[in-house]
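Peer 1: After the structure tokens below, expect a handful of questions from me.
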Amino acid sequence: MKALILVDIQNDFCPGGSLAVPDGDAIVPLVNRLQMKFPLVAATQDWHPPNHGSFASTHGKKAYEVMEIHGVSQTLWPDHCVQKTHGAELVAGLDRQRIARTFTKGTDPAVDSYSGFLDADHRKATGLADFLREHGVEEVAIVGLATDYCVKYTALDAVKLGFRAAVIADACRGVNLQPGDSEAALTEMRKAGVRIVHSKDWLTGQTA
């Protein structure tokens with residue numbers, strides 16, 4: 001069985017949000033169409049407490065500086081996706097009728113979580129892997145925000161956890177803090193065994 005994973009399609013990651021991904025909202029109509037092609041759809045949602053350790057403001061630093069937190073290199077972000085705020089909500093245009101369950105991540109103030117499966121130190125799981133296995137899922141397709149962060153780490157963990165994984169590249173958008181970050185992420189995913197595909201392959205039934 002195949003499942004579609006919608007990664008962090010939230011207000012703060014779309015234009016007007018505090019950590020807006022360029023053209024982040026442009027994927028929404030395509031994602032809505034893709035949902036119809038999968039028997040199971042799950043979503044992930046950044047759900048940070050205030051003063052989260054990944055926020056630059058928590059450390060009195062500037063956004064996008066890098067520091068080490070608990071032995072892990074951490075990019076410091078603008079405050080984003082704070083629990084129970086508008087920025088943390090899934091975007092209004094996203095069709096939610098087919099989303100079976102939404103998994104929150106980044107809830108531990110001390111540890112970031114780009115992956116929809118596990119936090120950054122791989123000690124705490126979100127429950128997504130167990131949910132997929134309970135439904136007999138063997139293959140996942142991943143869409144959402146952002147290509148070079150949460151999509152990438154979700155895909156890499158999917159493979160490590162034993163799922164066949166594909167990223168539908170045109171249904172994702174990247175942050176690209178450095179030029180070429182998204183392309184580098186796609187290359188890294190390919191090398192790890194993630195298939196990089198185009199939405200037309202799913203919409204026309206051409207994927208195997």
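Peer 1: I need two numbers for the range 109-191: Rg to one decimal and Dmax as a whole number, Cα atoms only, in Å.
Peer 2: Rg then Dmax for the range 109-191, in Å: 12.7, 40.
Peer 1: While we're looking at this one, here's another question. Please figure out what share of the DSSP beta bridges in the range 24-128 is antiparallel and state it in percent, rounded to the nearest 5.
Peer 2: Values: 5 of 13 bridges.
Percent antiparallel among DSSP bridges in the range 24-128 is about 40.
Peer 1: How large is Rg over Rh for the range 1-102, taking Rg from the Cα atoms and Rh as the Kirkwood inverse mean of 1/r across Cα pairs? Could the numbers behind the result be given before it?
Peer 2: On the way: Rg = 15.4 Å, Rh = 14.8 Å.
For the range 1-102, the value is 1.04.
Peer 1: In addition: With each pseudo-label sitting 7 Å past Cα toward Cβ, what's the Asp201-Gln97 distance in nm, one decimal?
Peer 2: Modelled inter-label distance: 2.9 nm.
Peer 1: When every alpha-carbon pair in the chain is counted, what percent end up more than 23 Å apart?
Peer 2: On the way: 8528 of 21528 pairs.
So the pairs more than 23 Å apart make up 40 percent of the total in the chain.
Peer 1: Follow-up question, since we're still on this one. If you average the C-alpha positions of the range 54-76 and of the range 136-181 separately, how far apart do those two centres end up, in angstrom?
Peer 2: Using only Cα atoms to place each centre, the spacing works out to 23 Å.
Peer 1: How high is the relative contact order of the chain? Use alpha-carbon pairs under 8 Å, at least six apart in sequence, and give a whole percent. Before the final figure, lay out the partial values.
Peer 2: Details: 449 pairs, mean separation 48.3, N = 208.
Contact order relative to length: 23 percent.
Peer 1: Is the shape of the range 61-158 best called rounded, prolate or oblate, per the rule: a/c under 1.5 gives rounded, else a/b larger than b/c gives prolate, else oblate, with a ≥ b ≥ c the square roots of the Cα gyration tensor eigenvalues? Mind dumping the intermediate values first?
Peer 2: Working: a/c = 1.98, a/b = 1.36, b/c = 1.45.
Note, shape of the range 61-158 comes out oblate.
Peer 1: Hey, fewest Cβ within 10 Å first, where do Thr126, Thr85 land in order? Before the final figure, lay out each step's value.
Peer 2: Values: Thr126 23, Thr85 15.
So the ranking, lowest neighbour count to highest, is Thr85, Thr126.
Peer 1: Among Asp108, Asp130, what is the fewest-to-most ranking by other Cβ atoms within 10 Å? Don't jump to the answer; show the numbers that get you there.
Peer 2: Numbers: Asp108 17, Asp130 11.
Ranked by crowding around the Cβ, least crowded first: Asp130, Asp108.
Peer 1: Points 7 angstrom from Cα along the Cβ direction at His70 and Leu177: gap in nanometres?
Peer 2: Going from the His70 label point to the Leu177 one covers 1.9 nm.
Peer 1: Right, next: Excluding Glu138 itself, calculate the net charge of residues whose Cβ lies under 13 Å from the Cβ of Glu138, where each Lys or Arg counts +1 and each Asp or Glu counts -1.
Peer 2: Summing Lys and Arg as +1 and Asp and Glu as -1 gives +1.
Peer 1: Further question on the same structure: Can you compute the FRET efficiency between Ala63 and Glu188 using 1/(1 + (r/R0)^6), with r the Cβ-Cβ distance and R0 = 30 Å? Round to the nearest 0.05. Provide the component values of the computation, followed by the final result.
Peer 2: Details: r = 24 Å, r/R0 = 0.81.
It comes to 0.80.
Peer 1: While we're on this one: Would you list Ser115, Ser182, Ser54 from fewest to most Cβ contacts within 10 Å? The partial results should precede the final answer.
Peer 2: Numbers: Ser115 28, Ser182 21, Ser54 24.
Going from sparsest to densest Cβ surroundings: Ser182, Ser54, Ser115.
Peer 1: Counting only other residues whose beta carbon sits under 13 Å from that of Ile168, what net charge do I get with K and R as +1, D and E as -1?
Peer 2: Details: positive: Lys2, Arg33, Lys37, Arg173, Arg195, Lys200; negative: Glu139, Asp170, Asp201.
In short, +3.
Peer 1: GNM on the chain, C-alpha springs below 10 Å: top fluctuator among Pro179, Pro78, Pro22?
Peer 2: Pro179
Peer 1: Follow-up. Just to verify a number: FRET efficiency for Glu89 and Leu30, C-beta to C-beta distance, R0 = 25 Å, to 0.05?
Peer 2: Details: r = 20 Å, r/R0 = 0.80.
Efficiency for this residue pair is about 0.80.
Peer 1: I want the local charge near Phe55. Using Cβ-Cβ distances under 14 Å, sum +1 for each Lys or Arg and -1 for each Asp or Glu among the other residues. Mind dumping the intermediate values first?
Peer 2: Values: positive: Lys61, Lys62; negative: Asp12, Asp46, Glu65, Asp79, Asp108, Asp112.
With Lys, Arg at +1 and Asp, Glu at -1, the net is -4.
Since every read-out is calculated from the coordinates, none of them should be taken as a lab result. What you are looking at is a predicted structure, and each value in this text was computed from that prediction instead of being measured. No Cβ is skipped: glycine too gets one built from the backbone with ideal geometry, and neighbour counts run over all protein chains shown.
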